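Once you've had a glance at the structure underneath, I'll fire off some questions.
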Amino acid sequence: MALTGEAVAQPEDSFPADAAPPTIRRIPTAIADLDAIVEGGFPEGSVVLLMGEEGAGMREYVYTSAAKLTIVREDPRLRSFYLGPGCDDSVLPERVCYATFARSRDVVLREFAASLNEDYYRAFRRATVFKDFSAPYFRRTVVPATWTEPPVTPLGAPSENLLEGLVAFLEENGPHAMVVLDSLSDFVDAETVDARDLVSTIKGLQRAAKRWDGIVYLLLTRDILEPRVERMIVDSVDGCLVFEWSRYLRSSKRQRYLYVEKFTSVLPHLPMEKIARFPIMITTRQGLVVVYMERIG
């Protein structure tokens, strides 16, 4: 089972020469300063790779985004407060879907509760559709079943393929949703998943997402995969946000940074002064926020 499809030839008169370009609607990131820079968010149908060092902000990004978008969807009067003025014409996903492989729903919720405020936590918990793939993930490992506990919605037959289960979940829940896959680092580490199959699935996912009109976030810890496979994954997605740690000169203090490594439908529209890496900070009250811009090059 794969997220692929045959190309269908279109009649010549299906694309009249004077046809207006399609309207590009955007989904907010819910990081207000970032949304202001990218003109309201990322285009619907985007598959975005969040790649970086552990602890540099990848999960806090999706936690903040999911919680704020949920709060605004449930109470539109709070739109300007949570999303800022740059997202007035942006569209909100209908749901948040969170798929995990080695991490359980309980682990994700505990981490969220320890990181962000209670309002964000409650919004994330009540509105997120979780899918725990830990049963097939750990099935071929030495980890005893008593440690991992069966997921709430088990895949069923012990022989069921991890990729097939993921595809079925995405087909059912992907349309008009914010989807998070946490994480590709765990996913490719499973013995049943070949790196080539992973890349092919991401390529198919990138095509399928254009029909779903939502947004898909893929998490990947940097330098876990072979450099060639990592670059193939970056090449297979619409956008790539990089999260990294840096040190201040003559100081042991560390700073988190975010920058857009690739985004085919976003970067060409940004003025040069806005192509930057963004120092970020994470607080329990606001989640992940951009502090200020720092020019690259």
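Here are the criteria: (1) farther than 18 Å from V96 by Cβ; (2) within 16 Å of the chain's Cα centre (by Cα). Tell me which single one E244 does not satisfy.
In the conditions (1) farther than 18 Å from V96 by Cβ; (2) within 16 Å of the chain's Cα centre (by Cα), E244 misses (2) alone.
Could you count how many residues in segment 136-151 are in contact with a helix residue (DSSP H, G or I) (Cβ under 7 Å, 6 or more places away or on another chain) and not hydroxyl-bearing (S, T, Y)?
4
Moving on. Would you check which residues across segment 205-256 are in a strand (DSSP E or B) and of a type in the set (V, I, T) and list them?
Passing the criteria: I215, V216, T221, V242.
Filter segment 100-112 for residues that are under 14 Å from F124 (Cα atoms) and of a type outside the set (V, I, T); which is surrounded by the most Cβ atoms within 10 Å (Cβ to Cβ)?
Residue satisfying both the conditions and the ranking: F112.
Going by the conditions given, is L109 touching a strand residue (DSSP E or B) at 6+ places or on another chain (Cβ under 6 Å) and under 29 Å from Q286 (Cβ atoms)? Full working, then the answer.
Details: touching a strand residue (DSSP E or B) at 6+ places or on another chain (Cβ under 6 Å): no; under 29 Å from Q286 (Cβ atoms): yes.
Taking the combined requirement at face value, the residue does not satisfy it.
Listed here are the residues, each with its yes/no results for (1) of a type in the set (D, E); (2) out of contact with any strand residue (DSSP E or B) (no Cβ under 6 Å at 6 or more places or on another chain); (3) farther than 28 Å from A67 by Cα.
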| position | (1), (2), (3) |
| --- | --- |
| D223 | yes, yes, yes |
| R231 | no, yes, yes |
| V234 | no, no, no |
| R247 | no, no, yes |
| R256 | no, no, no |
| K262 | no, no, no |
| L270 | no, yes, no |
| I280 | no, no, no |
| T283 | no, yes, no |
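Among what's in segment 257-297 and is in a strand (DSSP E or B) and among the charged types (D, E, K, R), pick the residue that is modelled with the lowest pLDDT.
So the residue we want is R295.
Go through segment 89-119 residue by residue and tally those that are more than 14 Å from A30 (Cβ to Cβ) and either assigned to a loop (DSSP other than H, G, I, E, B) or among the polar types (S, T, N, Q) (or both).
Total satisfying the criteria: 9.
Another question, then. Please report, ordered by residue number, the helices (runs of 4 or more DSSP H) entirely within segment 120-174 with at least 3 residues that are modelled with pLDDT of 80 or more.
Correct list: 162-173.
Name the residue that is modelled with the lowest pLDDT, counting only residues in segment 175-193 that are within 21 Å of R95 (Cα to Cα) and surrounded by 19 or more Cβ atoms within 10 Å (Cβ to Cβ).
The first filter runs over segment 175-193 and keeps only residues within 21 Å of R95 (Cα to Cα), leaving 175-183.
Still in the running and surrounded by 19 or more Cβ atoms within 10 Å (Cβ to Cβ): 177-183.
Numbers: A177: 97, M178: 98, V179: 98, V180: 97, L181: 96, D182: 94, S183: 89.
The qualifying residue modelled with the lowest pLDDT is S183.
For segment 7-33: of the residues being modelled with pLDDT of 75 or more and over 18 Å from T70 (Cα atoms), which is surrounded by the fewest Cβ atoms within 10 Å (Cβ to Cβ)?
From segment 7-33, those modelled with pLDDT of 75 or more are 23-33; that's our starting set.
From what's left, over 18 Å from T70 (Cα atoms): 23-25, 33.
Numbers: T23: 6, I24: 12, R25: 14, D33: 16.
Residue satisfying both the conditions and the ranking: T23.
Please determine, by comparing only the residues of segment 194-214 that are closer than 28 Å to E44 by Cβ, of a type in the set (A, V, I, L, M) and touching a helix residue (DSSP H, G or I) at 6+ places or on another chain (Cβ under 8 Å), which one is surrounded by the fewest Cβ atoms within 10 Å (Cβ to Cβ).
V199
Which of the residues that make up segment 76-88 are assigned to a helix (DSSP H, G or I) and either touching a residue at least 12 places away in the same chain (Cβ under 8 Å) or within 18 Å of the chain's Cα centre (by Cα) (or both)?
Y82, L83, P85, G86, C87
Condition first: surrounded by 15 or more Cβ atoms within 10 Å (Cβ to Cβ), more than 18 Å from the chain's Cα centre (by Cα) and closer than 19 Å to E53 by Cβ. Now tell me which residues in segment 251-275 satisfy that.
Q255, R256
The values are calculated or read from the model by the stated rules, or taken from the named source; none is laboratory data. Computed from a predicted structure; not experimentally measured. No Cβ is skipped: glycine too gets one built from the backbone with ideal geometry, and neighbour counts run over all protein chains shown.
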